[in-house]
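Peer 1: Can you read through this structure? Questions will come right after.
The values are calculated or read from the model by the stated rules, or taken from the named source; none is laboratory data. Everything numeric in this text was worked out from a predicted model, so none of it was measured. Don't worry about glycine lacking a Cβ; one is built from the backbone with ideal geometry, like all the others, and counts go over all protein chains shown. Areas reflect the complete protein model, heavy atoms only, side chains present, ligands, DNA and RNA absent. Shrake-Rupley method; radii C 1.70, N 1.55, O 1.52, S 1.80 Å.
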Amino acid sequence: MMKLLASLLVVSGITNLVAAQINTAAKKLLSPKDLPGKGIVQYDFFYAGEAKTQDMYIVKKGEIVWAYHDTAKGEISDAILMTNGNVLFAHQYGITLINATKKILWHYDAPKGHEIHTAQPIGKKHILYVENGDTGRVKVVHILTGETVKEFMIPIGNSKSVHGQFRHARLTKKGTLLVSHMDMGLVNEYNFDGQLINSVKVPDIWGAEPLDNGNFLVNCKGSVKEMTPAGDTAWILPYTDLPDYVFNSPQLAIRRPNGNIVFNTWFSQWNGKTDSTNLPVQFVEVTPDKKITWALRSWTAPQNLGPATIIQFLDDRRISEHVFFGKIK
């Protein structure tokens with residue numbers, strides 16, 4: 001009996017070992033072992049992402065030269081480094097403006113039951129933000145006086161799911177506001193008076209980035225694409241064209257001055273921890289002909305940047321405070 005039991009245990013052990021080897025071999029790698037470009041050393045940039053803690057970084061020559069950490073409730077969905085070194089960030093339950101020494105210059109708490117996931121400075125004195133809630137609200141505040149100088153309502157898809165209404169909004173070159181209605185699958189453009197002047201159906205939208213040519217970039221499930229105001233696709237990169245990479249949670253895409261497109265894939269810390277043997281990239285840069293020139297994968301100390309949402313290259317100030325909204329500059 002003892003010999004039989006021992007034999008069964010040996011067979012069971014071999015079976016488990018073979019099964020483990022099969023599972024390892026079958027595991028889809030999230031990114032190649034060797035990545036194009038120079039990794040974290042390639043560019044100097046400002047970085048933030050939705051995570052269980054509020055974390056932001058400035059990276060220069062591959063080193064983190066500035067970092068912000070806060071364990072307060074709320075995730076950073078949007079952040080902008082201003083030309084004077086100040087940082088404006090929306091963190092779900094409020095908006096905060098800090099200087100380079102992390103001193104709070106201005107702060108706003110979202111009302112109970114509301115959330116704020118996107119904000120943008122207009123010059124040095126005004127801040128525009130979109131508030132999730134019983135309805136959508138666009139507001140512009142004068143931070144020196146605290147006065148709300150502009151406010152109008154925008155539609156929502158589901159008043160009972162406040163968290164899923166909006167993530168990203170940006171002012172365009174012509175002074176209008178491009179809003180991603182996440183719960184409606186729409187990219188809407190509003191003028192200063194709150195009038196809807198254009199609407200494009202974009203399923204699975206998280207954010208839309210306006211381009212100088214009047215089009216906008218979206219990073220959706222399945223592809224990154226440039227779309228026209230009429231809803232036509234001007235350029236598209238299906239993820240199937242990059243079979244060595246897995247993009248589980250796409251959010252934002254931006255176009256660099258050289259025409260290349262940089263886009264992220266987000267990792268949810270609420271779904272577990274990263275696998276140190278199988279790490280996803282955080283950002284990828286592609287040329288217009290869809291060649292990857294750079295991929296960022298920086299998950300280990302001392303340059304653990306965490307989940308990715310926002311990247312702002314320090315040599316490109318176009319997405320900082322140099323914008324206007326109607327009469328407000």
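Peer 1: Which count do you get for residues in segment 59-95 that are open to solvent by 60 Å² or more (accessible area, probe 1.4 Å) and in contact with a helix residue (DSSP H, G or I) (Cβ under 7 Å, 6 or more places away or on another chain)?
Peer 2: So the count comes out to 1.
Peer 1: Right, something else. Within the bounds of segment 38-50, is there any residue that is of a type in the set (A, V, I, L, M) and in a loop (DSSP other than H, G, I, E, B)?
Peer 2: No, that holds for no residue.
Peer 1: Let me ask something else. Among the residues of segment 149-164, what is the count of those that are in contact with a Lys or Arg (Cβ under 8 Å, 6 or more places away or on another chain) and either open to solvent by 60 Å² or more (accessible area, probe 1.4 Å) or acidic (Asp, Glu) (or both)?
Peer 2: The qualifying residues number 2.
Peer 1: Given (1) touching a residue at least 40 places away in the same chain (Cβ under 8 Å); (2) open to solvent by less than 10 Å² (accessible area, probe 1.4 Å); (3) closer than 29 Å to Arg137 by Cα, where does Ile261 come up short, assuming only one miss?
Peer 2: (3)
Peer 1: Another question about this same structure. Can you confirm whether segment 208-225 contains a residue that is of a type outside the set (A, V, I, L, M), open to solvent by 10 Å² or more (accessible area, probe 1.4 Å), in contact with a Gly (Cβ under 7 Å, 6 or more places away or on another chain) and modelled with pLDDT of 95 or more?
Peer 2: Looking for residues that are of a type outside the set (A, V, I, L, M), open to solvent by 10 Å² or more (accessible area, probe 1.4 Å), in contact with a Gly (Cβ under 7 Å, 6 or more places away or on another chain) and modelled with pLDDT of 95 or more, one finds none in segment 208-225, hence no.
Peer 1: Then there is this: Working carefully through the options Leu237, Leu252, Leu314, find the one that is in contact with a Ser or Thr (Cβ under 8 Å, 6 or more places away or on another chain) and open to solvent by 10 Å² or more (accessible area, probe 1.4 Å).
Peer 2: Leu252
Peer 1: Going through segment 277-309 one residue at a time, which ones are farther than 19 Å from Lys225 by Cα, in contact (Cβ under 8 Å) with a residue 40 or more places away in the chain and open to solvent by 20 Å² or more (accessible area, probe 1.4 Å)?
Peer 2: Those that are farther than 19 Å from Lys225 by Cα, in contact (Cβ under 8 Å) with a residue 40 or more places away in the chain and open to solvent by 20 Å² or more (accessible area, probe 1.4 Å): Leu279, Arg297, Pro302, Gln303.
Peer 1: Here's a check for you: in segment 94-118, which residue that is of a type in the set (A, V, I, L, M, F, W, C) and outside any strand (DSSP E or B) is farthest from Gly175 (Cα to Cα)?
Peer 2: Checking each candidate, the answer is Ala100.
Peer 1: Hey, can you tell me all the residues within segment 264-276 that are among the polar types (S, T, N, Q) and buried (at least 22 other Cβ atoms within 10 Å of the Cβ)?
Peer 2: Asn264, Thr265
Peer 1: Using the structure shown, decide if Phe45 is closer than 30 Å to Pro243 by Cβ and either open to solvent by less than 20 Å² (accessible area, probe 1.4 Å) or of a type in the set (Gly, Ala, Ser) (or both).
Peer 2: Spelling it out, Phe45 is indeed closer than 30 Å to Pro243 by Cβ and either open to solvent by less than 20 Å² (accessible area, probe 1.4 Å) or of a type in the set (Gly, Ala, Ser) (or both).
Peer 1: Test each condition in (1) on the phi > 0 side of the Ramachandran plot; (2) in contact with a helix residue (DSSP H, G or I) (Cβ under 8 Å, 6 or more places away or on another chain) for Lys52 and report the one that comes out false.
Peer 2: (1)
Peer 1: When segment 301-329 is examined, which residues are found to be touching a helix residue (DSSP H, G or I) at 6+ places or on another chain (Cβ under 7 Å) and at pLDDT below 95?
Peer 2: Listed by number, the list is empty, since nothing qualifies.
Peer 1: Please go through segment 96-121 and give me each residue that is hydrophobic (A, V, I, L, M, F, W, C) and surrounded by fewer than 23 Cβ atoms within 10 Å (Cβ to Cβ), ordered by number.
Peer 2: Leu97, Ile98, Ala100, Ile104, Leu105, Trp106, Ala110
Peer 1: Please specify each residue of segment 177-195 satisfying the condition of being over 19 Å from the mean Cα position of the chain (by Cα) and in contact (Cβ under 8 Å) with a residue 24 or more places away in the chain.
Peer 2: Across segment 177-195, the qualifying residues are Glu189, Tyr190, Asn191, Phe192, Asp193, Gly194.
Peer 1: List the pairs whose first member sits in segment 232-254 and is free of Cβ contacts under 8 Å to residues at least 60 places away in the same chain and over 18 Å from Val187 (Cα atoms), whose second member is of a type in the set (Lys, Arg) and surrounded by 14 or more Cβ atoms within 10 Å (Cβ to Cβ), and whose Cβ atoms are under 6 Å apart, counting only residues at least 6 apart or on separate chains?
Peer 2: Pairs that qualify, where the first residue is free of Cβ contacts under 8 Å to residues at least 60 places away in the same chain and over 18 Å from Val187 (Cα atoms) and the partner is of a type in the set (Lys, Arg) and surrounded by 14 or more Cβ atoms within 10 Å (Cβ to Cβ), are Leu237/Lys290; Asp241/Lys290.
Peer 1: Being of a type in the set (Gly, Ala, Ser) and under 15 Å from the mean Cα position of the chain (by Cα), is that true of even one residue in segment 270-288?
Peer 2: No, because not a single residue in segment 270-288 is of a type in the set (Gly, Ala, Ser) and under 15 Å from the mean Cα position of the chain (by Cα).
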